[in-house]
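Where a number appears in this text, it was derived from the coordinates with a stated rule and is not lab data. What you see is a predicted model; the values in this text were computed from it and never measured. Note: ideal-geometry Cβ built from the backbone for every residue, glycine included; neighbour counts use all protein chains shown.
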Amino acid sequence: MRIALLVLLVALAASPSWGQSHTTHGGASSGTTATSNDVRNLEPAQLAAMLGKANVFIYDCNEEDMFREAHVPGAKLTVYDQVTADQLPTDLSATLIFYCYSPECPAATTAARTALTLGHTDVYSMLAGITGWQDAGLPTEP
């Protein structure tokens, strides 16, 4: 079921009208763009600069085997379409960052949108995914 839903989301993401309104978010730093519903994109270097900071939570939306192979240091594995309030911090202003495999994967944005609907206000998606993180030469944890 999850694979069928992911295939559908990938097909939607590939459609010509999906995500055409990417604009710079008013309060965000350079290189941070809005994806939709106030989910903002972070580049790998921006996420790297946030590692280890208080009140920053990173969620990997990949499959468990991919997570075991490589993930952003400190990331927690989460199933993108099963995000619930009890998996997220109680502080609704905490910084939440979601990522998946690559720019073609919509799982991170799906999970981030769920966080927004649950009341979180500082929500990001690293659209480059773990492949973009690795391409940037940034360290991973197994």
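List of remarks:
- Residues satisfying the stated conditions in the range 54-77, i.e. under 12 Å from the mean Cα position of the chain (by Cα) and among the aliphatic types (A, V, I, L, M): ILE58, VAL72, ALA75, LEU77
- Leading residue by the ranking (farthest from SER102 (Cα to Cα)) among those in the range 72-88 that are assigned to a loop (DSSP other than H, G, I, E, B) and in contact with a strand residue (DSSP E or B) (Cβ under 9 Å, 6 or more places away or on another chain): LEU88
- If the condition is being within 11 Å of the chain's Cα centre (by Cα), within 23 Å of ALA49 (Cβ to Cβ) and in a loop (DSSP other than H, G, I, E, B), then the range 106-127 contributes only LEU127.
- Matching residues, the range 80-101, being β-branched (Val, Ile, Thr) and either surrounded by fewer than 14 Cβ atoms within 10 Å (Cβ to Cβ) or in contact with a Ser or Thr (Cβ under 7 Å, 6 or more places away or on another chain) (or both): VAL83, THR84, THR90
- Residues in the range 109-133 that are of a type in the set (S, T, N, Q), buried (at least 24 other Cβ atoms within 10 Å of the Cβ) and in contact with a Phe, Trp or Tyr (Cβ under 7 Å, 6 or more places away or on another chain): SER125 only.
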